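Asker: Attaching a single structure in structure tokens format; questions to follow.
The values are calculated or read from the model by the stated rules, or taken from the named source; none is laboratory data. Source: prediction; values computed, not measured. Cβ atoms come from the backbone with ideal geometry, glycine included; neighbour counts cover every protein chain shown. Remember, those area values only see protein heavy atoms, side chains included, never the ligands or the DNA or RNA. Shrake-Rupley method; radii C 1.70, N 1.55, O 1.52, S 1.80 Å.
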Amino acid sequence: METIKSLKIRLFGDPVLRKKAVSVRKITDYHRSLLDEMLKLMRSGSGIGLAVPQAGINLAMIVVDIGSGLYKLINPKIIKRQGRQVFEEGCLSVPGICIKVKRAKKVSVKALNENAEPVIIEACDLLACVFQHEIDHLKGRLIVDYASFFDKLKIRKKLEELKKLSNKEPPPAVCKLNL
Ligand code: NI
């Protein structure tokens, strides 16, 4: 078990960001403290969503807070998608980069809360976007995977720089949505 207190946000190039997250079988105090620590990490980066693998721990858990209520979800899955929308998304693991991502406008998310109770959340607009972004992280998928041909040309150099950063100070976020 890793020391929860020393968690930091992993950056593009770190292999943990490309792994499929493992489902949590039994929710314990470890998972609850991990979620609390994730919230601190998310807020310290002015983020509105964060997936646990972004902190280097390969478990299927996310935290989301867009200002309308806090969600701490375990083993979240999208069970319904409707409509289309596009947001310019940033990611705390890919700082300095902003990508327009087409996603569903409405989603239903099935998960467990931190007390191991099943919940279903109906989300639309920004909240739906954030859930889809965080659940993508659990599949090893990042915003750069949605980049258009021209986006790819634009961000290529920045991504190379990010890969070399590892322990140095990451660039500041440039996007309004940091997920
Ligand atoms: Ni992200």
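Asker: So which of E160, E88, E134, E169 ends up being closer than 21 Å to V52 by Cβ and acidic (D, E)?
Answerer: E134
Asker: Let me ask something else. Quick one: S33 ticks every box in (1) within 27 Å of E161 (Cα to Cα); (2) surrounded by fewer than 15 Cβ atoms within 10 Å (Cβ to Cβ) bar one, so which box is it?
Answerer: Failing condition for S33: (1).
Asker: Now for a different question. Free of Cβ contacts under 8 Å to residues at least 12 places away in the same chain and among the acidic types (D, E): does that describe E134?
Answerer: no
Asker: I'd like the residue in the range 39-55 that is modelled with pLDDT of 95 or more and among the small types (G, A, S) and, out of all such residues, is surrounded by the fewest Cβ atoms within 10 Å (Cβ to Cβ).
Answerer: A55
Asker: Would you pick out the residues in the range 53-75 that are within 12 Å of the ligand (Cβ to nearest atom) and out of contact with any Ser or Thr (no Cβ under 6 Å at 6 or more places or on another chain)?
Answerer: Listed by number, the residues that qualify are P53, A55, I62, V63, V64.
Asker: Answer with yes or no whether I78 is open to solvent by less than 40 Å² (accessible area, probe 1.4 Å) and within 23 Å of D14 (Cβ to Cβ).
Answerer: It is false that I78 is open to solvent by less than 40 Å² (accessible area, probe 1.4 Å) and within 23 Å of D14 (Cβ to Cβ).
Asker: Anything in the range 23-52 that is in contact (Cβ under 8 Å) with a residue 24 or more places away in the chain, more than 13 Å from I74 (Cβ to Cβ) and within 16 Å of the ligand (Cβ to nearest atom)? List them, or say none.
Answerer: Those that are in contact (Cβ under 8 Å) with a residue 24 or more places away in the chain, more than 13 Å from I74 (Cβ to Cβ) and within 16 Å of the ligand (Cβ to nearest atom): L39, L41, M42, G45, S46, G47, I48, G49, L50.
Asker: Does I62 count as closer than 15 Å to K5 by Cβ, out of contact with any Cys (no Cβ under 9 Å at 6 or more places or on another chain), outside any helix (DSSP H, G or I) and touching a residue at least 12 places away in the same chain (Cβ under 8 Å)?
Answerer: Taking the combined requirement at face value, the residue does not satisfy it.
Asker: For the range 45-59, give me each residue that is within 15 Å of I143 (Cβ to Cβ), not small (G, A, S) and not in a loop (DSSP other than H, G, I, E, B).
Answerer: Within the range 45-59, L50, P53, Q54 meet the criteria.
Asker: From the residues in the range 141-179 that are of a type in the set (S, T, Y) and either in contact with a Gly (Cβ under 7 Å, 6 or more places away or on another chain) or away from the ligand (no atom under 13 Å from the Cβ) (or both), which one is least open to solvent (accessible area, probe 1.4 Å)? Reasoning before the result, please.
Answerer: Initially, the range 141-179 is screened for residues of a type in the set (S, T, Y), giving 146, 148, 166.
With either in contact with a Gly (Cβ under 7 Å, 6 or more places away or on another chain) or away from the ligand (no atom under 13 Å from the Cβ) (or both) added as a condition, the list becomes 148, 166.
Numbers: S148: 53, S166: 78 Å².
Filtering first and then ranking leaves S148.
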